[in-house]
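S.K.: Below is one structure. I have some questions about it.
The values are calculated or read from the model by the stated rules, or taken from the named source; none is laboratory data. Since the model is a prediction, treat every value here as computed from it, not as a measurement. Methodologically, a virtual Cβ is constructed for each residue, glycine included, from the backbone with ideal geometry; neighbour enumeration extends over all protein chains shown. Protein only, heavy atoms only, side chains kept; ligands, DNA and RNA dropped before computing areas. Shrake-Rupley method; radii C 1.70, N 1.55, O 1.52, S 1.80 Å.
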Amino acid sequence: MNYLDTAVHAARQAGALIREKATSAKRVKTKSSAHDLVTEVDQASEEIIREIIWDHHPEHGILGEEGVQPGVEASKTALEEHRSKEYLWIVDPIDGTTNFVHGFPFFCVSIALAEREDVIVGVIYDPLRDELFTAEKGKGAYLNGEPIRVSGESHLEEALLASGIPADARGIRMRNVEGILHLAPRCRNVRTAGSAALHLASVAAGRLSGFWELELNAWDLAAGSLLVQEAGGRVTDTVGRPYDIGVRHILATNGRIHDDVLHGLKEAGVTGFEQS
Ligand code: 2AM
Ligand code: CA
Ligand code: CA
Ligand code: CA
């Protein structure tokens, strides 16, 4: 099986489980805080994906969210341990777990493959809408097999943006509230729907003009970043440095409004700190 087929097969299989469980009661556990949730479906989804990858590519590495201890430091350590691998699968078995728990229909599976740190395959699957977003490096981005492009807005005032509201008062994520308040009146509005990966897929499909968020992890961003780039958009960190799999503060746009959003984040004081 080629790499894209493996990623698609795994995303669809895991997505079928998530869809089946979407309306039933979930056993919810907390991880690093009362806002950091996991269900048995997150774990089962990751198991399905790992089995399929192991089956087809036993020599490859796998970095999956639910295989990593909770917390920022453990996430960074896990990435450092894995990132030198020749082929590394980067997996978020459910992105948007809080939405999944509440039945708010905005969550997905995100699967990427990096070759020596370079993301070469990205797949995001929205099981409720049966929307499959796929990209291979250099080959464009697709939604259910049809090519997609980022949107055409070139002025901030006509842009629809998305971001994330930090639910825990820890650390630099809190600064993002200032960014949201600063940018909302300067664009059409800012949405915060609770899945970084689906926000990125939405930028790739031209449904959002841009998305930024702080303190995310490789599994939230790897597949979506390739999708946005392959759909003609631009992906950097929140001070404008090119995306790599270690980036935690992300800005992904249609390209045309990128510098204006960077400028807005700077004005709001969101940027100007070290990448953590
Ligand atoms: P998850 O659902 O896989 O946990 C929403 O703003 C985004 O932040 C989601 O992509 C979500 O991914 C992620 N997220 C949720 N809790 C988080 C936390 N405590 N730290 C960092 N990211 C988190
Ligand atoms: Ca999580
Ligand atoms: Ca996630
Ligand atoms: Ca997750």
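S.K.: Among the DSSP beta bridges whose two residues both lie in the range 156-270, what percent are antiparallel, rounded to the nearest 5?
M.R.: 65
S.K.: A further question on this structure: Roughly how far apart, in whole Å, are the Cα centres of the range 115-185 and the range 58-95?
M.R.: Spelled out, the Cα-based centre of one part sits 20 Å from the other.
S.K.: Could I ask something else about it? How much FRET efficiency would the formula 1/(1 + (r/R0)^6) give for D36 and S154, where r is the Cβ-Cβ distance and R0 is 41 Å, rounded to 0.05?
M.R.: Computed FRET efficiency for D36 and S154 comes out at 0.60.
S.K.: Looking at the range 63-119, which GluC sites (Glu not before Pro) are DSSP coil and have at most 16 other C-beta atoms within 10 Å of their C-beta?
M.R.: E86, E117
S.K.: Each residue of the range 106-119 in turn: what ³J(HN,Hα) in whole Hz from Karplus with 6.51, -1.76, 1.60 and θ = phi - 60°, glycine and Pro shown as x?
M.R.: In residue order, the calculated couplings are 8, 8, 7, 9, 10, 9, 10, 10, 10, 10, 6, 6, 9, 6 Hz.
S.K.: Could I have the simple spin-label model distance between A184 and D244, label points 7 Å from Cα toward Cβ, reported in nm to one decimal?
M.R.: 3.6
S.K.: Now, a different point. Gain in length, D130 to T192, computed as 0.36 nm per residue apart minus the alpha-carbon separation, to one decimal in nm?
M.R.: Values: separation 62, 0.36 × 62 = 22.32 nm, distance 2.16 nm.
Here the answer is 20.2 nm.
S.K.: What is the projected area of the convex hull of the Cα atoms of the chain, averaged over all directions, in nm²?
M.R.: Mean projected area for the chain: 12.8 nm², to one decimal.
S.K.: Right, something else. Using the reciprocal of the averaged 1/r over all distinct C-alpha pairs, how large is the Kirkwood radius of the range 3-147 in Å? Could you put the intermediate results ahead of the total?
M.R.: Values: mean 1/r = 0.0643 Å⁻¹.
About 15.5 Å for the range 3-147.
S.K.: Given the Cα-Cα distance of K137 and D118 and 0.36 nm per residue of separation, how much length would full extension add, in nm?
M.R.: Roughly 5.9 nm would be gained on extension.
S.K.: How many times 2.2 N^0.38 Å is the alpha carbon radius of gyration of the range 156-270?
M.R.: Scaled against compact globular proteins, the figure is 0.92.
S.K.: What residues have an amide H closer than 5 Å to that of G233, excluding those fewer than 5 places away on the same chain, when H is modeled at 1.01 Å from N in the peptide plane?
M.R.: When sequence neighbours closer than 5 places are left aside, the close amide H contacts are V150.
S.K.: Divide by every residue of the chain the summed helix terms, -39500 (n - 2.57) for each DSSP H run of at least 4, and state the resulting mean residue ellipticity at 222 nm, rounded to the nearest 500 deg cm²/dmol. Working shown, then result.
M.R.: Details: 8 runs with 93 residues, N = 276.
Only helices count here, giving -10500 deg cm²/dmol.
S.K.: Expressed as an acute angle from 0 to 90° and rounded to the nearest 10, what is the orientation of the C-alpha long axis of helix 40-56 relative to the principal long axis of the chain?
M.R.: Relative to the chain, helix 40-56 is tipped by roughly 70 degrees.
S.K.: Apply the Karplus curve 6.51 cos²θ - 1.76 cosθ + 1.60, θ = phi - 60°, to the phi angles in the range 24-37 and return the couplings in whole Hz, x for Gly and Pro.
M.R.: Calculated HN-Hα couplings, in order: 8, 5, 10, 7, 9, 10, 9, 10, 7, 7, 5, 9, 10, 9 Hz.
S.K.: If the reach is capped at under 20 angstrom between alpha carbons, list the lysines near K85, excluding any in the same chain fewer than eight residues apart.
M.R.: In chain and number order, the partners are K76, K137.
S.K.: Give me the percent of the accessible area of the chain that comes from carbon and sulfur atoms, probe 1.4 Å, all protein chains in place.
M.R.: So the carbon and sulfur contribution to the accessible surface is 48 percent.
S.K.: Heavy-atom accessible area per residue, the chain, 1.4 Å probe: how many Å²?
M.R.: 42
S.K.: If one takes the longest principal axis of the Cα atoms in the chain, at what angle in degrees, from 0 to 90 and to the nearest 10, does the Cα axis of helix 72-82 lie?
M.R.: Rounded to the nearest ten degrees, it is 60.
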